[in-house]
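Accompanying notes for the structure given below.
Quick note: the coordinates plus some simple rules give every number you see, no bench work behind them. Nothing here was measured: the structure is a model prediction, and the numbers come from that model. Note: ideal-geometry Cβ built from the backbone for every residue, glycine included; neighbour counts use all protein chains shown.
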Amino acid sequence: EKTGFSHFMEKEIHEQPEAIRRALRGRLDREYATGHLGGLNLGSRELLEVGRIVLLAAGTSYHAGMVATYALEELVRVPAVAELASELRYRNPLVERDALYFAASQSGETADTLYAMREVQRKGGRVLGVCNVVGSTIARESDGGVYIHSGPEISVASTKAFTSQLAAFYVFALLMGRMRHLSFDQGARIIEALEAVPKQIETILANTAPIQALAKRYASCEHFFFLGRGINYPVALEAALKLKEVSYIHAEGYSAAEIKHGPLALITEETPSFFLVPRDGLREKVITSMKEVKARRGPVIALAVEGDREVADTADEVLFVPEAHPLMYPFLLAVPTQLFAYYCALARGCNVDQPRNLAKSVTVE
Ligand code: M6R
């Protein structure tokens, strides 16, 4: 039921604070400043032996996995990579003894992800599932795992599963980090930052009018760039996927650093660039990229942190998110871009919940 909302996509975007709370419930331990995940089926010794983490997924789940690699490398100091499941399977993958694999899938039925998981398992690798649908094939066949508890996601465009997957991966990063280099105080800070996220998203959701107004002004564009850096680079990829999927606007996600290596050639007055500009170590670099686009007369939209005058003055349009711990910006920046895609789709009269040519779960290769 869409209770009070026009579409499932809108409803599911608004469910995110609650979904994240559910993904975190019972999993954050303030006493020891660590995380708990019941279903990993791995002892402390085995977790300590992990020398590399590989995340397998497709689409939005792949973008969540990409974000997770940044959090894992920072908190655990172990190499982490996200791989497109469809590509890994056919590469005759090297499955190392000390690698730990995750198969991330909202539905738990995505063929590409399932077959990649089986290929890794066939070579003796251990694969944990990060799924939403309880009892799904990936959840059943994995060697352990985590449910994200988002509740049913009906809209073809995945929204709440993305942020809930992040929450689950962050708990895992916290628990692994605390077994290695992360101090009690650092762990406590992560817990506090994670627990603040649902409220921060509520603040964004309480004021959607500026996002809708912006979407109305730009919905007639045919091309869009989404640009971010660092941990928010995958958020730019996800924002572009969301926009193309529901509004049929051609959108590209790029690292803001990469535009000068080619895409700048496409910047015109008709091609807006949507920059993700949190207050983190890469903010100055992103501002430089914004100026490069402006110098080519490209319209610049910025999603910045409340009170960031410099970014507001540089951009043609600005939306704000609350200030947060630097690792938490992927949650906060994703939500306005989901809403932007939703409102663009509405303005263009698209079939929001059932975009043409797409199915909710892709059970063929
Ligand atoms: O169920 P999964 O998370 O495995 O699905 C993976 C992709 O098919 C899915 O995320 C797809 O990209 C969405 N429609 C994006 O909104």
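Mind sorting Glu323, Glu10 by how few other Cβ atoms lie within 10 Å of their own Cβ, fewest first?
So the ranking, lowest neighbour count to highest, is Glu323, Glu10.
Can you give me the angle between helix 233-247 and the longest principal axis of the chain, using Cα atoms only, in degrees from 0 to 90, rounded to the nearest 10?
Computed tilt is about 60 degrees.
So if I restrict to the alpha-carbon atoms in the chain, what is the Rg, and what is Dmax, the biggest pairwise distance, in Å?
19.7, 57
When a/c reaches 1.5 or more, the comparison of a/b and b/c decides; with that in mind, is the stretch 86-134 rounded, prolate or oblate per its Cα gyration tensor?
oblate
Taking H placed 1.01 Å from N in the peptide plane, check which residues at least 5 places from Phe102 or on another chain put their amide H under 5 Å from its amide H.
Sorted by chain and number, the residues that satisfy this are Val54, Leu55, Leu56, Leu128.
With the contact rule set at Cα under 8 Å and sequence spacing of 6 or more, what percent relative contact order holds for the chain?
20
Pull out the extension gain between Val362 and Lys216, defined as 0.36 nm times the separation in residues minus the alpha carbon to alpha carbon distance; nm, one decimal.
Result for the pair: 49.4 nm of gain on full extension.
By how many degrees, 0 to 90 and rounded to 10, does the Cα axis of helix 59-76 deviate from the longest principal axis of the chain?
Taking the Cα atoms of the chain, the angle to 59-76 is about 70 degrees.
As I understand it, the value is the acute angle between the Cα axis of helix 184-205 and the longest principal axis of the Cα atoms of the chain; what does it come to in degrees, rounded to 10?
Roughly 40 degrees, rounded to the nearest 10.
Provide the gained length on full extension for the span Glu270 to His325, in nm with one decimal, where the gain is 0.36 nm per separating residue minus the Cα-Cα distance.
16.3 nm
In whole Å, what are the extents of the stretch 220-365 along the principal axes defined by its C-alpha atoms, from largest to smallest?
Projected onto its principal axes, the Cα set of the stretch 220-365 covers 43, 34, 30 Å.
In straight Cα distance, which lysines are under 19 Å from Lys360, not counting same-chain residues fewer than 8 positions off?
List returned: Lys2, Lys11, Lys160, Lys242, Lys244.
What is the gain in length, in nm to one decimal, between Asn41 and His261 on full extension, counting 0.36 nm per residue of separation less the C-alpha to C-alpha distance?
So the chain would gain 74.7 nm between Asn41 and His261.
log₁₀ I(q)/I(0) of the stretch 165-271 at q = 0.18, 0.21, 0.22 Å⁻¹, via Debye over equal Cα point scatterers, no solvent, to two decimals?
-1.03, -1.16, -1.20
Distance from the Cα centre of the stretch 318-365 to that of the stretch 24-89, in angstrom?
23
Once the convex hull of the alpha carbons of the stretch 1-106 is built, what does its volume come to per residue, in cubic angstrom?
Taking the convex hull of the Cα positions in the stretch 1-106, it is 144 Å³ per residue.
Out of the GluC sites (Glu not before Pro) in the stretch 198-286, which ones are loop residues according to DSSP with at most 10 other C-beta atoms within 10 Å?
Glu222, Glu269
Determine the relative contact order of the stretch 25-112: mean sequence separation of Cα pairs under 8 Å and six or more apart, normalised by residue count, in whole percent.
34
Compute a Gaussian network model of the chain, connecting alpha carbons closer than 10 Å, and tell me which residue from Glu49, Glu292, Glu74 fluctuates the most.
Greatest mean-square fluctuation among the candidates belongs to Glu49.
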